Amino acid sequence: MTDRRGRVGNIFLSRINIPESMIRVNDAELPFMDGETLGSLLSRAGSLHPFMVVSLNGEFLRREQWGEIKVKDGDIVRTVEMIAGG
């Protein structure tokens, strides 16, 4: 139980630093959301493009898998957009 100043016994809760679970998408870290699929994470990160490849922890995945695979705390996602040029 805490008192109105945020104390538990002699410990102030504001001084307790609990690390937040994160997932890395390219160079950005996003908060981990339990049960989230890779496709949902890419959408939330604004990284969903029609012509792209995605790797999860170094393994390239087919687009059909994105809605099935659940991401885990600490996962590393890399995306590469395919761009045509001339």
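Bear in mind these aren't lab numbers, they're just calculated from the coordinates by the rules spelled out. Note that this is a predicted model, so its numbers are computed, not measured. Cβ placement follows ideal geometry from the backbone for every residue including glycine, while neighbour counts extend to all protein chains displayed.
In segment 34-85, what count of residues is obtained for those that are part of a loop (DSSP other than H, G, I, E, B), touching a Phe, Trp or Tyr at 6+ places or on another chain (Cβ under 7 Å) and charged (D, E, K, R)?
Initially, segment 34-85 is screened for residues part of a loop (DSSP other than H, G, I, E, B), giving 34-36, 46-51, 57-58, 62, 66-69, 71-75, 82-85.
The next check asks that each one be touching a Phe, Trp or Tyr at 6+ places or on another chain (Cβ under 7 Å); those that pass are 73, 82.
From what's left, charged (D, E, K, R): 73.
The qualifying residues number 1.
Tell me, which residue of segment 34-75 that is surrounded by fewer than 13 Cβ atoms within 10 Å (Cβ to Cβ) and hydrophobic (A, V, I, L, M, F, W, C) is farthest from residue 20 (Cα to Cα)?
51
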